[in-house]
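Structure in C-alpha cells, see below.
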Amino acid sequence: MTRSEMLFTEAARFIPGGVNSPVRAFGSVGETPRFIASAKGAYMTDVDGNTYLDFVGSWGPMILGHSHPVILEAVQEACREGLSFGAATEREVEMAELICSLVPSIDMVRMVNSGTEAVMSAIRVARGFTGRSKIVKFAGCYHGHSDSMLVKAGSGVMTAGIPDSAGVPAGCTQDTLTAVYNDLESVKELFQACGSEIAAVIVEPVAANMGVVLPEKGFLEGLRRVCDEYGALLIFDEVITGFRLSLSGAQGYFGVRPDLTTFGKIIGGGMPVGAYGGRREVMELIAPSGPVYQAGTLSGNPVAMAAGLAGLRLLRDTPGFYEDLNQKADRFFEGMKDALAEAGKPWQLNHIGSLGCIFFTKGPVSNYAQAKTSDTKAFAEYFSFMLRQGIYLAPSQFEAMFLSAAMTDGELEGVLESFKNYLKESQF
Ligand code: KE4
C-alpha cells in the first residue's frame, strides 16, 4: 500500500470523501489521489517520493511555478511582523492600488478570502445597485459554491454529475436564470422575458470549468450590449482568467469592459485570497460606505497580501512575461493538436494563452451540452497514462490544463512525446 493510499483511507474517516474539495478525490478518473508533500517550480512531489510535472498549479494560482523565492521571502517577512490583526494594514492599500492600476475597469476593489466569496459579494452589490433580483449565468460555468450559483454549474459539480446541489432550497435559485454559452439569442430571450428584473449577467469570459471553452467572436461584446440595453450589470468572473491571459485578464485580452470583476487564485500567490471590484458608483454601495453588507475576518490578511503583491509585481515587472508564456503554451497545445491529427484521433483540443484541454468527443465544443458528450472513460485512460509518466493533469474531463512559466520548452516537448505514446496505446 502506498502512503497516498494509506493517507486517503485515513482521511476518509475524518474528512468527507477524504478531501477538502471534491475534485481532489480523483473520483472520475478511478485513481487514488496523490497526497502532495512539496512543490518547487514546475514540479510537485507526492508523499511516496514520486515527482510530477504539474499542469494543475493549485487550479491556477501557480502561474509563476511553485515556491517562487520572491513570494516565499515576502511571506516570511510578513509572518515575522504578525499573522493577522483584523485591522487595516498598508499592504491592503498597496494591493487595492495595484489591482486598480492594472485593470482599467476597476475603480475600487474589496478583498475577500475565496473566489466563491468574491462572486457571492459581486452578485449582492449588483442586486443592491440595480434594485433587481435575477441573475443570468451560463450552463457549465462555475462561479464557486454559493447557493444561487449551484445551478447547472461546471467544475466539480459537473464532474460529480450533480446537475444542482442537494441542500439548496428552491428559494435560493429561483432568481438564477441559465443561458447557453456562446448563444446570445438564449440571453436575449431571457431579457425579453424579464429584462426589467435582471440585475446582472455573470460569465467566465473564457469558460474553464466545463473544460476550456472559448468565447466565440462577438459573444462577450454582445453581452455588453444587451446589459447596456436593459440596464443590467455585466460581471466577468475572472477567478481563473484574471492575471492569467494578460496583466488585465480576459477583459484586457478581448477588449470588453465589465461593470464588475471577480478574482481569486493568482492574486493570492497561493494564499487564500479573492477580490471583487468595478465601477466606483457600484462599489461605493458596499458597507461601510453604503448599504450592501459584506465582511470577513481574514479579508486582506497581511500574509496573504504579501504573497499576492509579490506575485502580481513579478507578473507586472517581468519583461515579456505573458508573450513568452502564451507563445510557449501555443507551441505546446498546437503540438498536441498535431499529435491527435497524426494519430487519426477526432478529439477536440481547445486552448487560449496558458489554458487548454482535450475533449474526448468528436464535434466542436463551444458549450455545456457539447462538452457533456465527452467520453469520461477515455479521459480517465489518458489521465492515468500521463500520471504514470509523471505528468499531473487535472483529474477531470471538465477542468483545464494550466501551464506555468516555470515549464521549459524541453519539458513540454517531453510531455508531447508521452502524449504520442499514449495515443499509440489508447483503446479509444
Ligand atoms: P474558490 O471559492 O474555489 O476560490 O473559487 C471559486 C471559483 C469561482 N469562479 C471560477 C471561474 C472558478 O474557476 C472557481 C474555482 N475553480 C475551481 C477549479 N475549476 C477550484 C477547484 C476546486 O473546486 O477545488
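The values are calculated or read from the model by the stated rules, or taken from the named source; none is laboratory data. Model, not experiment: these values are computed from the prediction. So basically every Cβ, Gly included, is an ideal-geometry build from the backbone, and we count neighbours across all protein chains shown. With ligands, DNA and RNA removed, areas are computed over all heavy atoms of the protein, side chains included. Shrake-Rupley method; radii C 1.70, N 1.55, O 1.52, S 1.80 Å.
List every residue pair whose Cβ atoms sit under 9 Å apart, with the two residues 6 or more apart in sequence or on different chains, where the first one lies in region 412-428 and is assigned by TED's automatic domain parsing to the domain that holds residue 339 and under 11 Å from residue 332 (Cβ atoms) and the second, anywhere, is hydroxyl-bearing (Ser, Thr, Tyr) and surrounded by 15 or more Cβ atoms within 10 Å (Cβ to Cβ).
Listed pairs, sorted by first residue: 419/382.
If you don't mind, there's one more thing I want to ask. Among the residues of region 255-263, are any aliphatic (A, V, I, L, M) and in contact with a Gly (Cβ under 9 Å, 6 or more places away or on another chain)?
yes
Additional query: So if I check each of 280, 244, 225, which one is open to solvent by 10 Å² or more (accessible area, probe 1.4 Å) and either touching a helix residue (DSSP H, G or I) at 6+ places or on another chain (Cβ under 7 Å) or free of Cβ contacts under 8 Å to residues at least 60 places away in the same chain (or both)?
225
Could you grab the pairs with beta carbons closer than 9 Å, sequence gap of 6+ or different chains, first residue in region 296-312 and in the same structural domain as residue 121 (by TED's automatic domain parsing), second one aromatic (Phe, Trp, Tyr) and at pLDDT 95 or above?
Between residues of region 296-312 that are in the same structural domain as residue 121 (by TED's automatic domain parsing) and residues that are aromatic (Phe, Trp, Tyr) and at pLDDT 95 or above, the close pairs are 301/85; 302/85; 311/243; 312/243.
Let me ask another. Looking at region 400-407, is at least one residue more than 21 Å from the chain's Cα centre (by Cα), away from the ligand (no atom under 16 Å from the Cβ) and in the same structural domain as residue 333 (by TED's automatic domain parsing)?
no
Those residues that are open to solvent by less than 20 Å² (accessible area, probe 1.4 Å) and either of a type in the set (Val, Ile, Thr) or away from the ligand (no atom under 13 Å from the Cβ) (or both), I need them from region 247-259; list them, please.
Scanning region 247-259 gives 251, 256, 258, 259.
May I ask you to list the residues in region 88-112 that are under 18 Å from residue 236 (Cα atoms) and either outside the structural domain of residue 243 (by TED's automatic domain parsing) or of a type in the set (Asp, Glu) (or both)?
Listed by number, the list holds a single entry, 107.
How many residues does region 382-422 contain that are assigned to a helix (DSSP H, G or I) and open to solvent by less than 10 Å² (accessible area, probe 1.4 Å)?
Counting residues in region 382-422 that are assigned to a helix (DSSP H, G or I) and open to solvent by less than 10 Å² (accessible area, probe 1.4 Å) gives 8.
Among (1) away from the ligand (no atom under 16 Å from the Cβ); (2) within 25 Å of residue 226 (Cβ to Cβ); (3) among the charged types (D, E, K, R), where does residue 77 come up short?
(2)
Also, quick follow-up: Identify all residues within region 191-217 that are away from the ligand (no atom under 14 Å from the Cβ) and surrounded by 22 or more Cβ atoms within 10 Å (Cβ to Cβ); write none if there are none.
Listed by number, the residues that qualify are 198, 199, 200, 201.
Let me ask something else. Being without any contact (Cβ under 8 Å) to a residue 40 or more places away in the chain, outside any loop (DSSP other than H, G, I, E, B) and either of a type outside the set (A, V, I, L, M, F, W, C) or within 24 Å of residue 397 (Cα to Cα) (or both), is that true of even one residue in region 171-182?
Within region 171-182, one or more residues are without any contact (Cβ under 8 Å) to a residue 40 or more places away in the chain, outside any loop (DSSP other than H, G, I, E, B) and either of a type outside the set (A, V, I, L, M, F, W, C) or within 24 Å of residue 397 (Cα to Cα) (or both).
Go through region 2-26 and give me each residue that's open to solvent by 70 Å² or more (accessible area, probe 1.4 Å) and either within 14 Å of the ligand (Cβ to nearest atom) or among the β-branched types (Val, Ile, Thr) (or both).
Within region 2-26, 9, 16, 20, 22, 24 qualify.
Among 111, 62, 44, 95, which is the only one that is within 16 Å of the ligand (Cβ to nearest atom) and under 16 Å from residue 313 (Cα atoms)?
Only one candidate passes the filter, namely 62.
Further question: Being within 15 Å of the ligand (Cβ to nearest atom) and either within 21 Å of residue 413 (Cβ to Cβ) or of a type in the set (Gly, Ala, Ser) (or both) is the filter here, so list the residues in region 47-59 that pass it.
Passing the criteria: 54, 55, 56, 57, 58.
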